[in-house]
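Derivation of every value follows stated rules applied to the coordinates shown; laboratory data play no part. Predicted model, so just to flag it, every value in this text is computed and none were measured. Counting neighbours? That spans all protein chains shown, and the Cβs are built from the backbone with ideal geometry, glycine included.
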Amino acid sequence: MRETKYWIWHLAAGVLILFLLGLHMAIMHLDSLFGAWGLNPSGGEAIAWNNVVARSRMAAMIVVYIALLGAALYHGFYGLRTIVFELGIGPALQKAVTVGLWTAGLCLFVLGAIAAIAAGRL
């Protein structure tokens, strides 16, 4: 039952990634539509430095970046853990893999969150 809960979180993270990555792609590639919403305030291309800095200063975008980071890390590392477990490794090695992936995921999440927050101070 415990693994079912983690699998459901894995699926939910996938749905969140689908939504947030779709939003990201729309913002980056539909400049004319999202520029009117204030997401590209300098006009022109979404990847223009002034637009990137402006989005980085928006609290909502920082939250979106951090949510996408967390969902992607959980989804990816849980998927990797599942693949490794299918190799038939023993319980001790399973625990070591789980701890290692959680540690790596948390470190990467903290680093990415710090980067997203720091970018808001540009």
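What the table below lists for this structure:
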read-out	value
Residues satisfying the stated conditions in segment 36-71, i.e. among the small types (G, A, S) and touching a Lys or Arg at 6+ places or on another chain (Cβ under 9 Å)	A46, S56
Residue count, segment 13-25 (criterion: of a type in the set (G, A, S) and touching a residue at least 12 places away in the same chain (Cβ under 8 Å))	2
